[in-house]
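Asks: Right, I'll just put the structure down here and ask away after.
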Amino acid sequence: MHHWSGTPIMNASILHQRIRALAALDIILSEEEWLRVHRYHHNILQPDTAWGSVDNGAGDHLHAMFTNTGTLLKGFDHESPLSPHNREDGEIYPGMYDEVPEDFIRLLDQHEETLAREDVTFCIWQEVHSPEWKTGSWIGLAMAQENESDAEGGVAFLLGYIEETPESYIDWAKDYYDIQGMSLTAVTEIYNGAPISADLIRELNPKRDVFVAMDELQQSGYAVQRSEAR
């Protein structure tokens, strides 16, 4: 087992909060599920487990699993030399799942269709009793065999989709969703985990069907205020 010393990764609880907020914003801004980049569901894999993901539509993805025992990040950068598809033997990079806690391995095996266990270029985890991010032996091998910029398997690239501030999300959404003049106050409320009201949805996307958005948000595990939806 190695302590992660590469691209800095935010605290797991903050990361959890960010992914939830980003997925909620994507639900509000896009009624087309396939166009969304960020997703989040609570209890969909198993009770007391949250799953967040990034899918950029170009073949790259990040899966984050938050359980009572810790957090696992599994990413796939399709251009990375660590990708099984870019390796001569077509196999997962050696040591990728070394020493990953058994609870997470079980989740990866049980939900192969969702979590794409075989498509992986990095795997990093954090346990609740220890704030340090850890990784298997793959990182040492990659550092020895690959260029430094390639050795992380796309960590910086994929974590870059987890916008750390409301301002940076607005900048990203301007380009991706072609939305101008987004309310910083409204985005900040969602970043702070406030219950999502009809007015908040209308402020962010006046064209969105409020009731459909609220249903989706609630099914994904967000607190909504339905008293204003009229």
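The values are calculated or read from the model by the stated rules, or taken from the named source; none is laboratory data. Remember, it's a predicted structure, so these values are computed and weren't measured experimentally. So basically every Cβ, Gly included, is an ideal-geometry build from the backbone, and we count neighbours across all protein chains shown.
Asks: Scan L22, L73 and give me the residue that is closer than 26 Å to T188 by Cα, in contact with a His (Cβ under 9 Å, 6 or more places away or on another chain) and outside any strand (DSSP E or B).
Replies: Checking each option against the conditions leaves just L22.
Asks: Condition first: aliphatic (A, V, I, L, M), at pLDDT 95 or above and over 15 Å from the mean Cα position of the chain (by Cα). Now tell me which residues in segment 1-34 satisfy that.
Replies: Selection gives I28, L29.
Asks: Suppose the filter is under 19 Å from the mean Cα position of the chain (by Cα) and in a strand (DSSP E or B); does H63 pass it? Can you show your working first?
Replies: Values: under 19 Å from the mean Cα position of the chain (by Cα): yes; in a strand (DSSP E or B): yes.
Judged against the criteria, H63 is a match.
Asks: Among the listed residues A58, A144, identify the single one that is surrounded by fewer than 21 Cβ atoms within 10 Å (Cβ to Cβ) and part of a helix (DSSP H, G or I).
Replies: On the way: A58 fails: part of a helix (DSSP H, G or I).
Going through A58, A144 in turn, just one is surrounded by fewer than 21 Cβ atoms within 10 Å (Cβ to Cβ) and part of a helix (DSSP H, G or I): A144.
Asks: Filter segment 122-143 down to the residues that are free of Cβ contacts under 8 Å to residues at least 12 places away in the same chain and within 22 Å of P94 (Cα to Cα) and list them by number.
Replies: Our first condition is that a residue be free of Cβ contacts under 8 Å to residues at least 12 places away in the same chain; within segment 122-143, this holds for 129-130, 143.
The answer is M143, and nothing else.
Asks: Pairs please, first residue from segment 1-26 and within 20 Å of F157 (Cα to Cα), second anywhere and of a type in the set (G, A, S) and assigned to a helix (DSSP H, G or I), Cβ atoms under 6 Å, 6+ apart in sequence or on different chains.
Replies: Sorted first by the residue in segment 1-26, then by its partner, the pairs are T7/A156.
Asks: Here is a list: P94, P101, P131. Which entry is closer than 20 Å to L15 by Cα and surrounded by 13 or more Cβ atoms within 10 Å (Cβ to Cβ)? Before the answer, list the steps.
Replies: Details: P94 fails: closer than 20 Å to L15 by Cα; P131 fails: surrounded by 13 or more Cβ atoms within 10 Å (Cβ to Cβ).
The conditions single out P101.
Asks: Check whether at least one residue in segment 151-169 is modelled with pLDDT under 95, farther than 21 Å from N11 by Cα and part of a loop (DSSP other than H, G, I, E, B), and report yes or no.
Replies: Among the residues of segment 151-169, not one is modelled with pLDDT under 95, farther than 21 Å from N11 by Cα and part of a loop (DSSP other than H, G, I, E, B), which makes the answer no.
Yes or no, residue by residue, for (1) at pLDDT below 95; (2) among the small types (G, A, S):
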site: D178; (1), (2): yes, no
site: E189; (1), (2): no, no
site: P195; (1), (2): yes, no
site: A223; (1), (2): yes, yes
site: A229; (1), (2): yes, yes
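Asks: For the list (1) free of Cβ contacts under 8 Å to residues at least 40 places away in the same chain; (2) assigned to a helix (DSSP H, G or I); (3) surrounded by fewer than 19 Cβ atoms within 10 Å (Cβ to Cβ), I need the number of the one condition that P47 fails.
Replies: (2)
Asks: State all residues of segment 56-106 that are of a type in the set (A, V, I, L, M, F, W, C) and free of Cβ contacts under 8 Å to residues at least 12 places away in the same chain; if no residue qualifies, say none.
Replies: I105 - this is the single residue of segment 56-106 that is of a type in the set (A, V, I, L, M, F, W, C) and free of Cβ contacts under 8 Å to residues at least 12 places away in the same chain.
Asks: Continuing with the same structure: Which ranges mark the helices (runs of 4 or more DSSP H) fully within segment 177-230 that have 3 or more residues being free of Cβ contacts under 8 Å to residues at least 40 places away in the same chain and crowded, with 16+ Cβ neighbours inside 10 Å?
Replies: Details: elements: 184-191, 198-204, 210-220.
So the answer is 184-191, 198-204.
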